[in-house]
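The values are calculated or read from the model by the stated rules, or taken from the named source; none is laboratory data. All figures in this text were calculated on a predicted structure; none of them were measured in a lab. All Cβ positions, glycine included, derive from the backbone under ideal geometry; neighbour counts span all protein chains shown.
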Amino acid sequence: MSEVSRKLKIGIVQMTSNEVIEENVRLAEKLIRDAAAKGADFILTPEMTTLLDFGTKQVMEKVVPEDQDDSWPRFAALAKELGVWLMIGSIAIRNGDKAANRCFVFSPDGKKQATYDKIHMFDVDIPGDKAYRESNAYQAGEEAVLVKAPWCKVGLSICYDLRFPHLYRSLAQAGAEILTVPSAFTYVTGKAHWHTLLKARAIENGAFVIAPAQVGDHRNGRKTYGHSLVVSPWGEVLADLKGEQGTEVIEIDLEEVSSARKRIASLTHDKKIVIKG
């Protein structure tokens, strides 16, 4: 990617993580290398890249504070070796009595450029599935995060955040042209809502939405939807990894953001709503 180009190659990683951290790290490293070999400038992995949670007790037995975790430094070194921007969708990091569901972004020099702790906890009862209580093990984050990359500003989010459009609105109005949504969406909710929600976030903010995802049957009995997506600012699905582990690299042109926002300038048209009654 040239310095003046508004084009870049996005590499999305789709994987089936389990309860063994080292296995997941090695798989992620393999897939990241594959995406880099295909020419990706910016590579993104799913939520819970290194440990797909399988119960509060088990999670807390495995997680350590950030300064003791050895997975993210390996990813930092890999970003430097490959000369790419790298987003690890999330790593479970001990944060006091609970864990943080934390996203990491590394630049091609191997430096940690940003972290983001998932704000919205997945505490739901899904008909036809089961109850999930993410807040039993994880502490919610409190701050939205914007990353200044060479090509544009990138807004960070994780999975269940997707259902809270004001987060993306705030990121877009702060200058984000790419919105990232690394996820481990359940199969039931993914089949019903995944494509629709991601397309909506892209359209209403005139931004590219990049959503690397977990996929398939996990050893803890969980089933995730997959379908890692890249969606254009006009709502077009540019890439869909469907139901298999792997990678895909696709070139995007950030001039499409300017074009979409000029055609429908809704980001500048917000009104304060007064409700009567």
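Observations on the model:
- Within region 198-233, being surrounded by fewer than 24 Cβ atoms within 10 Å (Cβ to Cβ), of a type in the set (Gly, Ala, Ser) and in a strand (DSSP E or B) holds for one residue alone: Gly216.
- Scanning region 44-63 for residues that are among the hydrophobic types (A, V, I, L, M, F, W, C) and free of Cβ contacts under 8 Å to residues at least 60 places away in the same chain returns Leu51, Val63.
- The residues of region 255-269 that are assigned to a helix (DSSP H, G or I) and surrounded by 10 or more Cβ atoms within 10 Å (Cβ to Cβ), listed by number, are Glu255, Glu256, Val257, Ser258, Ser259, Ala260, Arg261, Arg263, Ser266, Leu267.
- Among the residues making up region 241-254, those that are surrounded by fewer than 17 Cβ atoms within 10 Å (Cβ to Cβ) and either assigned to a strand (DSSP E or B) or β-branched (Val, Ile, Thr) (or both) are Gly246, Ile250, Glu251, Asp253.
- For region 71-91, residues that are closer than 30 Å to Pro165 by Cα and either modelled with pLDDT under 95 or among the charged types (D, E, K, R) (or both) total 0.
- Matching residues, region 97-124, being over 15 Å from the mean Cα position of the chain (by Cα) and more than 20 Å from Leu52 (Cβ to Cβ): Asp97, Ser107, Pro108, Asp109, Gly110, Lys111, Lys112, Gln113
- Qualifying residue in region 182-197 (condition: in a loop (DSSP other than H, G, I, E, B), of a type in the set (Phe, Trp, Tyr), touching a Cys at 6+ places or on another chain (Cβ under 7 Å) and on the phi < 0 side of the Ramachandran plot): yes
- Applying a threshold of 9 Å to beta carbon distances and a minimum spacing of six or more residues, or different chains, the list of pairs starting in region 4-21 at a residue that is of a type in the set (Lys, Arg) and ending at one that is in a loop (DSSP other than H, G, I, E, B) and at pLDDT below 95 reads Lys7/Met1; Lys9/Met1.
- Residue that is surrounded by the most Cβ atoms within 10 Å (Cβ to Cβ), among those in region 1-20 that are modelled with pLDDT of 95 or more and of a type in the set (A, V, I, L, M): Val13
- Verdict on Ala213 being touching a Ser or Thr at 6+ places or on another chain (Cβ under 7 Å), closer than 21 Å to His120 by Cα and among the small types (Gly, Ala, Ser): yes
- Of all residues in region 138-193, exactly one satisfies the criterion of being in contact with a helix residue (DSSP H, G or I) (Cβ under 8 Å, 6 or more places away or on another chain) and of a type in the set (Val, Ile, Thr), namely Val181.
- Among the candidates Tyr160, Tyr168, the residue that is of a type in the set (Phe, Trp, Tyr), surrounded by 24 or more Cβ atoms within 10 Å (Cβ to Cβ) and not in a loop (DSSP other than H, G, I, E, B) is uniquely Tyr168.
- Annotation: of all residues in region 54-96 being aliphatic (A, V, I, L, M) and part of a helix (DSSP H, G or I), the one that is surrounded by the fewest Cβ atoms within 10 Å (Cβ to Cβ) is Ala77.
- Some residue of region 28-50 being in a loop (DSSP other than H, G, I, E, B), modelled with pLDDT under 95 and of a type in the set (Val, Ile, Thr): no
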